[in-house]
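Below is one structure, written out as structure tokens; comments come after it.
The values are calculated or read from the model by the stated rules, or taken from the named source; none is laboratory data. This one's a predicted model, so the numbers in the text were calculated from it and none came from an experiment. Note that each Cβ is placed from the backbone with ideal geometry, even for glycine, and that neighbours are counted across all protein chains shown. Just so you know, the surface numbers come from the protein's heavy atoms only, side chains and all, with ligands and any DNA or RNA stripped out. Shrake-Rupley method; radii C 1.70, N 1.55, O 1.52, S 1.80 Å.
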Amino acid sequence: SIIYFNNIQENDLGSYYCVVTSTCGGVNNSEIIDLSFFILPEIYENVKNDTTIINHDAMFTINCFGDNIEYQWQIDSTNEFVNLIENEEFIGVTNDTLTIPNVNENMELNRFRCIVTGECDSVIISDTGSIKVVIPPSITNTVSNSIVCPDQNAYFFVNTTGTYIEYQWQVDEG
């Protein structure tokens, strides 16, 4: 005997068994068989931008649930996303966390995303994330002390290298 389900819907899900009887009065029940859906992948925490100091690691993470989930991280460095290949530059390209060791300032030009696949040919594409690479500030030059007459102008300057630098002049009252 066969039971056939056409276009399975949620109300078809459940536990089934077959009762087998004969004209001689015997009754026999089959084992219980469960019919359920695969849990399709769903993202519950998406990819976010990362900020890191130059020559440190950057990381992107995605959190999903579902049955038999697989991950593939991609990079867009030329206006086209391509799959990353596991190597010393990209670690975890088929995991939920991608690590990029020893980033340099050129990494700011790239975008990253994750393709999440699961059962029933389901595919989800994550948000994109980028890396903000911070080069710590370094003072390269300052002006000497200044002694001026009253009512004259004076100025101080500082030359720096680095990225995302802010300046705040203060008076040493100590």
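Per the listing Asn159, Asn104, Asn141, the residue uniquely within 24 Å of the chain's Cα centre (by Cα), without any contact (Cβ under 8 Å) to a residue 60 or more places away in the chain and open to solvent by less than 100 Å² (accessible area, probe 1.4 Å) is Asn104. Among residues of segment 11-40 that are in contact (Cβ under 8 Å) with a residue 40 or more places away in the chain, those with a beta-carbon under 6 Å from a residue that is open to solvent by 80 Å² or more (accessible area, probe 1.4 Å) at least six positions away or on a different chain give the pairs Phe38/Cys120. Looking only at residues in segment 51-108 that are small (Gly, Ala, Ser) and at pLDDT below 95, the one that is farthest from Lys132 (Cα to Cα) is Gly66. Within segment 50-64, residues that are in contact (Cβ under 8 Å) with a residue 60 or more places away in the chain have Cβ atoms under 6 Å from residues that are in a loop (DSSP other than H, G, I, E, B) and crowded, with 17+ Cβ neighbours inside 10 Å in these pairs: Thr52/Val103; Ala58/Val103; Phe60/Val47; Ile62/Val47; Ile62/Ser126; Cys64/Pro41, counting only partners at least 6 apart in sequence or on another chain.
Of all residues in segment 1-45, those satisfying the criterion of being over 30 Å from Thr61 (Cβ atoms), open to solvent by less than 100 Å² (accessible area, probe 1.4 Å) and assigned to a loop (DSSP other than H, G, I, E, B) are Phe5, Ile8, Gln9, Leu13, Cys18, Ser22, Gly25, Gly26, Ser30.
Are any residues in segment 115-134 crowded, with 20+ Cβ neighbours inside 10 Å, more than 15 Å from the chain's Cα centre (by Cα) and either closer than 30 Å to Phe37 by Cβ or basic (Lys, Arg) (or both), and if so, which ones? Matches in segment 115-134: Gly118 only. Output the residue which, of all residues in segment 46-72 that are of a type in the set (A, V, I, L, M, F, W, C) and not in a strand (DSSP E or B), is surrounded by the fewest Cβ atoms within 10 Å (Cβ to Cβ). Here the answer is Ile54.
Taking the criterion of being in a strand (DSSP E or B), surrounded by fewer than 16 Cβ atoms within 10 Å (Cβ to Cβ) and touching a residue at least 60 places away in the same chain (Cβ under 8 Å), would at least one residue in segment 92-101 satisfy it? Among the residues of segment 92-101, not one is in a strand (DSSP E or B), surrounded by fewer than 16 Cβ atoms within 10 Å (Cβ to Cβ) and touching a residue at least 60 places away in the same chain (Cβ under 8 Å), which makes the answer no.
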